[in-house]
1. Using the heavy atoms of the protein chains alone and a 1.4 angstrom probe, what is the accessible area of the range 427-483 per residue in square angstrom?
2. Given a 1.4 Å probe and the protein chains all in place, what does the accessible area of E151 round to, in Å² to the nearest 10?
3. Using a 1.4 Å probe over the heavy atoms of the protein chains, calculate the carbon and sulfur portion of the accessible area of the range 266-449 as a whole percent.
4. Highest first, please rank the peptides 457-470, 154-167 by the mean number of other Cβ atoms sitting within 10 Å of their residues.
5. Among S467, P136, A123, flag the residue with its Cα farthest along the positive direction of the charge dipole of the chain, charges on Cβ as +1 for Lys/Arg and -1 for Asp/Glu.
6. Roughly how far apart, in whole Å, are the Cα centres of the range 258-277 and the range 403-463?
7. What figure, in Å² to the nearest 10, do you get for the accessible area of S305 with a 1.4 Å probe and non-protein molecules left out?
8. Calculate, for S490 and E133, the FRET efficiency according to 1/(1 + (r/R0)^6) with r their C-beta to C-beta distance and R0 22 Å; round to the nearest 0.05.
Amino acid sequence: MPTANQLQRFPLFINGEFCEPDSGEYSPVINPATGDVVAEAACGNQNDVDCAVAAARKAFYGDANWRRMAPENRARILQQCAQVVLANARELAVLEVTCSGGTLNRVSGLDLLAVADLFTTLADEVKQFPFVESLPAKPLPELTHTQIWREPIGVCALITAWNFPMLLFAMKVAPALAAGNTMVVKPAENTPTSTVRLVELLNQVLPKGVLNVVSGPGSVVGEALTLHPDVDKVSFTGSTNMGRRVQQNAALTMKRVTLELGGKGPGIVLPDADLERVAYGALWGVYLNAGQACESGTRLLVHESIYEDLLQRLKTLSERVVLGNPMDPATGMGPMSSESHFHKVLQYIDSAKAEGARIVTGGKRADVEGCEGGFFVEPTVIADVTNAMKVAREEIFGPVLSVIKYSDLDDAVAMANDSDYGLSAGVWTEDLVQAQTIARELQAGSVWINDWHMMRGDAAFGGFKQSGYGREFGKYSLSSYVETKSVSTSFERNPAAKKLHRIVHTQMP
Ligand code: NDP
């Protein structure tokens, strides 16, 4: 434990214990709400990755107890993981809030419950998962029987982003454990603290070497993991650009890959929608975590008949959002997670102005009392956006809603789909039959009707198009952490009765 003047240090955690990074180096962890250094985290390198992968490999192959454990026993351990999370929720929440800028309201009221829920959901799913499936026996031309076995893949590299560190961790770790894999987690360099502590805590109930963490820059630790010949699977959450690189690296040794990448979520507002509900819901869709969520609803396509009315409501409600210290329960929106990201978001807003869009509210740095060094951006609504503008095409990852006017519903659906991304999409209307028809047309992994962020631990989550592939959550995620093996047995003992052998053994009597 550090003394009052020392920063808390977060080393690596490999093979059931803390260890110093090979380089001996630590990098500062900055609280984006204040700009203060709040901790130091180990800078891992290739040697550390080798060490962690070796530990994970030993835990997988060296002793078959983990990978061959009965699903009921594994379910018990997953339940214990959920209990560990809840028992340490306060400490974990503070660590995450102070490194990521996510609000305490969100981290403790949403994320940590979802993290615990993911472990319990996977505990339930693992008991029902078809690890062994018997196909009907084939009696002819000779008696055979085939089973489908689903086995853990091996060593998984789980690379998470800075926006929801523990939630993204659980989305990968819970199914990877449930299926019997071992793993090395790499958190984002600027938000490692809650992840490292969580790994330490979960190791109280896991065999050593099963769950390891190596923090450090993505260009070093992420590269080493995605290129490592002894890593069998990579699951990655982050930008589409980096996802492409991860996929290329992984292809060299044909690693299994799950990619959860960017989004540009379109919400279509029909003329009959309840505008007050849309205003609250659409802003929840874009201001949660100050817009730093891949599934955010960042494009709002609004029918011309309700356009100005809705804009006025969005403006009024946006101006009521409380920016403040994320630790304060009165705070509704925190800062951008880093200074560089803060500047990037402001540049996007400038690009909208330059392209002729109208800033309805916000658009600047926000001054927050008590957080003068923080990286806050005002809740921002931009009107008169066209789908061709940069703010409609690229992921901003900030509290910025781009509002686009439409007159014809088919055009609105076409605009919604006219994007490289396909993660989330939504419809706002009182006509639920119409909503279902539109949902069928939308090219997105999740479609939400009359709300946003409607994710749950047992429903599939993932992207179409350049938002990635593979699905997370519940039983859908379990399938991405297993290899499928067909095991066939012949019951015919007489060689002469094996009809197919005669294709080769043409002289057989
Ligand atoms: P990145 O895609 O660079 O980061 C995501 C994760 O990948 C981090 O852990 C990062 O590590 C790691 N990483 C970086 N380089 C490599 C590499 N060569 N190999 C393997 N892993 C690597 O995103 P950014 O943090 O740069 O954010 C940029 C944009 O990406 C955001 O503005 C947003 O638009 C989008 N994004 C989308 C997310 C989503 O939820 N889908 C999440 C985060 C960002 P490190 O941070 O230590 O370098």
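1. 46
2. In the full protein context, E151 sits at about 60 Å².
3. Carbon and sulfur atoms account for 48 percent of the accessible area of the range 266-449.
4. 154-167, 457-470
5. Toward the positive end, the furthest listed residue is P136.
6. 6
7. Spelled out: S305, probe radius 1.4 Å, area about 80 Å².
8. Efficiency computed from Cβ-Cβ geometry: 0.70.
The values are calculated or read from the model by the stated rules, or taken from the named source; none is laboratory data. The structure displayed is predicted, hence computed values, not measured ones. Positions of Cβ are generated from backbone atoms using ideal geometry, with glycine treated the same way; all protein chains shown enter the neighbour counts. Side chains are part of the model used for accessible areas, which takes the heavy atoms of the whole protein and leaves out ligands, DNA and RNA. Shrake-Rupley method; radii C 1.70, N 1.55, O 1.52, S 1.80 Å.
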